[in-house]
1. Determine the calculated [θ] at 222 nm for the chain from helices alone, applying -39500 (n - 2.57) to every DSSP H run no shorter than 4 residues and normalising by the residue count; nearest 500 deg cm²/dmol.
2. Please state the relative contact order of the chain as a whole percent: Cα pairs under 8 Å, 6+ residues apart?
3. Could you state the principal axis extents of the C-alpha atoms in the chain, from the largest down, to the nearest angstrom?
4. Among 40-47, 17-24, what's the highest-first ranking by average C-beta atoms within 10 angstrom per residue?
5. What length, rounded to one decimal in nm, is gained on full extension from residue 4 through to residue 17, with 0.36 nm per residue of separation minus their alpha-carbon distance?
6. Looking at the square roots a ≥ b ≥ c of the eigenvalues of the Cα gyration tensor of the stretch 9-48, which shape do they give, rounded for a/c under 1.5, prolate if a/b is larger than b/c, or oblate?
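No value in this document is a laboratory result; all are computed from the given coordinates. Treat the numbers as computed from the prediction; the structure is a model and nothing was measured. Cβ coordinates were reconstructed from backbone atoms using ideal geometry, including for glycine residues, and neighbour counts include every protein chain displayed.
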């Protein structure tokens, strides 16, 4: 089941083509933020997403890597 969640999170991020706040992504997927964050950390370790931590506020931004990032 977790693998499916990971695929779903990546597909949503890849279609957005920009950075998204964890809170917005969690609301869009109707999934608790800790579960989404766990999927994001797995995707980050696979090299599929970039996770950014905000300095001014306690925000977490995430962006899917695309083929353009590797060329």
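1. On the way: 4 runs with 40 residues, N = 71.
Helix-only estimate at 222 nm: -16500 deg cm²/dmol.
2. Working: 77 pairs, mean separation 25.9, N = 71.
Relative CO of the chain lands at 37 percent.
3. Between the extreme Cα coordinates on each principal axis of the chain lie 34, 32, 20 Å.
4. Working: 40-47: 14.8, 17-24: 13.0.
The densest-packed peptide leads the list: 40-47, 17-24.
5. Numbers: separation 13, 0.36 × 13 = 4.68 nm, distance 2.05 nm.
Gain in length upon complete extension: 2.6 nm.
6. On the way: a/c = 1.96, a/b = 1.11, b/c = 1.76.
Taking the square roots of the gyration eigenvalues as a ≥ b ≥ c, the stretch 9-48 is oblate.
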